[in-house]
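Contents: one structure, followed by commentary.
The values are calculated or read from the model by the stated rules, or taken from the named source; none is laboratory data. Note that the structure is predicted; figures quoted are calculated from it, not measured. Here the Cβ is made from the backbone with ideal geometry for all residues, glycine too, and neighbour counts use every protein chain on show. Heads up: the accessible areas ignore ligands, DNA and RNA and are worked out on the full protein's heavy atoms, side chains in. Shrake-Rupley method; radii C 1.70, N 1.55, O 1.52, S 1.80 Å.
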Amino acid sequence: MARNGTDVFYLPGNHDEMFRKWMPLDIAGVHLRDEAVHVTADGRRLLVIHGDAFDSVVRYAKFLALLGDSAYTFALAMNRWFNLARRRLGLPYWSLSAWLKRQVKGAVKAIDRFETALASEARRRGLDGVVCGHIHHPEMRMVDGIEYINDGDWVESLSALVETMEGELQIVYWTHLLDAPPTSRRARRAAAAAA
């Protein structure tokens, strides 16, 4: 795409932060940057940023972020086996899911603070919205009058953000795209020839 004239920006985040030491860098038509401003076809100006810089745990306590991620994954995998062992020892069932639900309130507050911080940054810069991906949760909503968009990721949610020719932004999901009718001219011709 870059060779054909499309501006391509690569915005590293906490999973590939080693590239940040080379910023800014332009190579083969790809711009390595910390952030960008995208102007939609209908004229809205959006801050595009990974977002990890607005996550206080990732920024100031990376070991906590890694520990929390590992612990959560381990807890989900071990819940069944843990309660099987408790039952064999004559102990009552201990609900890991109930414990996690109590913890989710804190996570929801952290996510809300993250979204509010990003929306505030876009407002401070005089922009209409922000596009990020750090928390991997696809969402489009207004936060205090600023458009907040999280495009999710290709790993867990299988999502991406697209813009129509009219400037409408949409979150698309790979699983939905697999079932969608062919939209390119070549795909429509191939489908018509097959019918």
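Please enumerate the residues belonging to the stretch 10-35 that are in contact (Cβ under 8 Å) with a residue 12 or more places away in the chain and either under 13 Å from Gly133 (Cβ atoms) or assigned to a loop (DSSP other than H, G, I, E, B) (or both).
Tyr10, Leu11, Pro12, Gly13, Asn14, Ala28, Gly29, Arg33, Asp34, Glu35
Which of the following residues is among the β-branched types (Val, Ile, Thr), modelled with pLDDT under 70 and within 20 Å of the chain's Cα centre (by Cα): Val37, Val104, Val48? Even if it seems obvious, please write down each step before you answer.
On the way: Val37 fails: modelled with pLDDT under 70; Val48 fails: modelled with pLDDT under 70.
Every option except Val104 fails the conditions.
Need the failing condition index for Gly145 against (1) in contact with a helix residue (DSSP H, G or I) (Cβ under 9 Å, 6 or more places away or on another chain); (2) open to solvent by 70 Å² or more (accessible area, probe 1.4 Å); (3) modelled with pLDDT of 80 or more, just the number.
(2)
Can you find, within the stretch 1-31, the residue that is nearest to Arg123 (Cα to Cα) among those that are surrounded by fewer than 17 Cβ atoms within 10 Å (Cβ to Cβ) and in contact with a Phe, Trp or Tyr (Cβ under 7 Å, 6 or more places away or on another chain)?
Among those that are surrounded by fewer than 17 Cβ atoms within 10 Å (Cβ to Cβ) and in contact with a Phe, Trp or Tyr (Cβ under 7 Å, 6 or more places away or on another chain), it is His31.
Among all residue pairs at least 6 apart or on different chains, which show Cβ distances below 9 Å where the first residue, located in the stretch 118-140, is in contact (Cβ under 8 Å) with a residue 12 or more places away in the chain and open to solvent by 50 Å² or more (accessible area, probe 1.4 Å) and the second is part of a helix (DSSP H, G or I) and hydrophobic (A, V, I, L, M, F, W, C)?
If the second residue must be part of a helix (DSSP H, G or I) and hydrophobic (A, V, I, L, M, F, W, C), the pairs left are Asp128/Ala122; His137/Ile111.
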